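Only one structure is covered here, and it is reproduced in the block below.
The values are calculated or read from the model by the stated rules, or taken from the named source; none is laboratory data. Everything quoted here is computed from the prediction, not taken from an experiment. Positions of Cβ are backbone-derived with ideal geometry, glycine not excepted, and every protein chain shown enters the neighbour counts. Areas reflect the complete protein model, heavy atoms only, side chains present, ligands, DNA and RNA absent. Shrake-Rupley method; radii C 1.70, N 1.55, O 1.52, S 1.80 Å.
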Amino acid sequence: MPSVYRSLLSSCLLALGLLPFAPSIPGTAALSVEARAAARNKPAADGSVLILGGGVAGVIAARTLHEQGITNFTIVEARGELGGRLFSQTFGAPGREVTLEMGANWIQGTQTDDGPANPIWTLAQKHNLTTHFNDWFGSISTYDSTGAVDYIDVFNDAGDAYGELTVAAGARVDRKLVDGTARTGYSLIKAKARTAHAMASEYYQFDWEYAQTPEESSWIASSWGNNFTYDTDQGGFGDDNQMSLDQRGFKHFIQAEAAEFLQEDQVLLNATVQNITYSSSGVSVRLADGRKLKADYAICTFSLGVLQHDDVVFDPPLPDWKEEAIQSMVMATYTKIFLQFPEKFWFDTEMALYADSERGRYPVWQSLDHENFFPGSGIAFVTVTGDYSLRIEALSDQQVQDEVMGVLRSMLPNVTVPDPVAFHFPRWASDPLYRGSYSNWPSSFFSQHHENLRATVDKRLWFAGEATSQKYFGFLHGAYFEGQDVGERVAKCLKRSGCSELKHVAEVTNAQPYII
């Protein structure tokens with residue numbers, strides 16, 4: 001760790017997960033990256049980089065540059081801390097508060113024996129993150145609108161059907177057949193969920209992972225997304241998952257990693273990017289407060305949703321091929337709704353599944369007042385996704401609470417269910433810094449589109465994040481690998497040692513023309 005940074009961060013601050021990055025040199029915030037390097041009495045490299053966004057992709061891109069001996073970079077982050085969609089919040093009544101994860105919560109796929117390790121798991125272990133295995137499939141209770149009903153056999157059948165779905169998708173890849181929706185895939189393997197119990201079970205297997213319905217999702221891409229993470233036969237990490245319980249927040253692992261190499265003037269916090277001007281000779285960034293930054297290269301790690309909503313203005317506008325790629329993928333929304341009660345009165349399993357007559361209506365429940373998580377906390381949460389997430393974001397907290405409590409009371413008809421003492425849910429889709437939770441691949445999104453999503457613009461503007469990962473889109477480790485890859489590529493450009501931009505496809509066309 002550089003001496004200037006070591007003196008800034010005491011061990012107690014690290015233990016708390018607090019990283020107070022703030023430029024200590026007056027006036028340097030508005031200078032070019034080269035000027036900032038000169039201000040700290042360090043020579044500028046043969047070029048400079050602005051890393052726009054301080055989530056996992058941005059921090060790992062910065063670390064990769066650092067490992068290549070490049071220090072002439074600045075992370076520009078809109079929030080007051082690093083972490084991006086690793087977003088924790090204190091929740092609970094006074095005296096009963098717990099730090100909970102509003103966004104990413106699990107390390108999905110860790111490591112099997114001496115096989116490949118999920119890099120998020122590696123960092124979590126390195127920085128002593130507190131986690132616990134979350135038993136999604138072996139510790140679950142089932143309910144419907146009449147109360148507790150045992151339909152575990154239907155639930156298990158849905159698990160088998162999902163396995164068949166991925167196998168059938170692999171066969172289509174081998175035979176070079178066209179993609180379709182996951183709903184098409186389910187229908188072709190004769191897995192047609194028609195009852196409330198079957199639809200809820202299918203939701204648990206599919207929507208709860210991809211945050212969208214089978215109708216909205218690619219059959220092939222959703223299958224490889226699952227296999228490359230969980231299936232060791234496909235190079236995956238394994239089917240284990242670890243839930244972060246760390247009271248410093250899940251974000252601690254990436255903040256602690258950043259603290260090992262970042263100098264204080266290499267990060268601008270509370271700095272929202274408003275405009276990016278680019279050309280083949282460099283990049284200029286204007287912040288919302290009027291400050292301007294210049295560099296030779298920029299790495300954009302904004303969420304797909306931010307790019308889709310034009311929250312950042314590009315000058316000149318991004319080329320048509322890039323814009324088509326951005327608009328063709330989907331930013332899905334995954335919403336956890338937290339409730340705290342005076343005491344626990346619900347199921348003793350870790351998970352519960354509620355089958356409503358309306359598919360996706362408050363289906364997946366988890367008890368945090370459990371011996372494996374936060375015993376005595378009185379906290380449970382329910383998850384909704386996709387269009388239902390957008391629906392509840394348009395309602396008041398009280399309206400959503402009333403609906404959730406109605407479901408909970410129908411699940412437990414023989415229990416006097418009190419009102420919660422604390423209630424909260426994040427509004428990811430409405431937040432201009434995110435515009436959703438993570439990306440999903442629709443069936444109309446082709447591999448060439450994805451190439452264009454990743455592709456460099458004018459040799460100076462680079463893109464990285466979970467959405468740009470073909471194998472791991474939607475996953476935290478996807479952001480890690482993309483940050484690392486782009487960091488390595490930009491480092492070569494800076495060193496003039498084989499700079500190779502990511503190419504684009506000028507027009508994405510059909511393999512064969514339509515016949516009308």
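Taking the criterion of being among the basic types (K, R) and surrounded by fewer than 18 Cβ atoms within 10 Å (Cβ to Cβ), the residues of the stretch 475-516 that qualify are K492, K495, R496, K503. Tell me, yes or no, whether the stretch 388-395 has at least one residue that is surrounded by fewer than 22 Cβ atoms within 10 Å (Cβ to Cβ) and charged (D, E, K, R). Checking the stretch 388-395: at least one residue is surrounded by fewer than 22 Cβ atoms within 10 Å (Cβ to Cβ) and charged (D, E, K, R).
Residue-level check: of (1) under 26 Å from S439 (Cα atoms); (2) free of Cβ contacts under 8 Å to residues at least 12 places away in the same chain, S284 misses just (1).
Candidates in the stretch 317-372 are the residues that are outside any loop (DSSP other than H, G, I, E, B) and acidic (D, E); of these, the one that is least open to solvent (accessible area, probe 1.4 Å) is E323.
F137 passes all but one of (1) assigned to a helix (DSSP H, G or I); (2) open to solvent by 20 Å² or more (accessible area, probe 1.4 Å); (3) not aliphatic (A, V, I, L, M); which number fails? Condition (1) is where F137 drops out.
In the set D160, D179, only one residue is acidic (D, E), part of a helix (DSSP H, G or I) and either free of Cβ contacts under 8 Å to residues at least 24 places away in the same chain or in contact with a strand residue (DSSP E or B) (Cβ under 6 Å, 6 or more places away or on another chain) (or both); that residue is D160. Just name the residue that is farthest from K294 (Cα to Cα) out of those in the stretch 475-494 that are among the hydrophobic types (A, V, I, L, M, F, W, C) and not in a loop (DSSP other than H, G, I, E, B). Taking the candidates together, the pick is L476. Being more than 14 Å from the chain's Cα centre (by Cα), within 22 Å of Q263 (Cα to Cα) and open to solvent by 10 Å² or more (accessible area, probe 1.4 Å) is true for just one of T90, T64, T71, T99. Which residue is that? After applying the criteria, what remains is T71. Is it the case that some residue within the stretch 246-260 is outside any helix (DSSP H, G or I), more than 30 Å from F373 (Cβ to Cβ) and not assigned by the TED database to the domain that holds Q366? No, there is no match, as no residue in the stretch 246-260 is outside any helix (DSSP H, G or I), more than 30 Å from F373 (Cβ to Cβ) and not assigned by the TED database to the domain that holds Q366. Could you tell me whether any residue of the stretch 277-292 is open to solvent by less than 10 Å² (accessible area, probe 1.4 Å), in a strand (DSSP E or B), touching a Leu at 6+ places or on another chain (Cβ under 7 Å) and of a type in the set (V, I, T)? Looking through the stretch 277-292, at least one residue is open to solvent by less than 10 Å² (accessible area, probe 1.4 Å), in a strand (DSSP E or B), touching a Leu at 6+ places or on another chain (Cβ under 7 Å) and of a type in the set (V, I, T).
Of the candidates P442, P375, P426, the single residue that is assigned to a loop (DSSP other than H, G, I, E, B) and open to solvent by 40 Å² or more (accessible area, probe 1.4 Å) is P375. Counting residues in the stretch 462-474 that are assigned to a helix (DSSP H, G or I), open to solvent by less than 20 Å² (accessible area, probe 1.4 Å) and farther than 20 Å from V273 by Cβ gives zero. Remark: pairs (first residue in the stretch 113-126, outside the structural domain of Q234 (by the TED database); second residue open to solvent by less than 40 Å² (accessible area, probe 1.4 Å) and assigned to a helix (DSSP H, G or I); Cβ separation under 9 Å; 6+ apart in sequence or on different chains) are absent.
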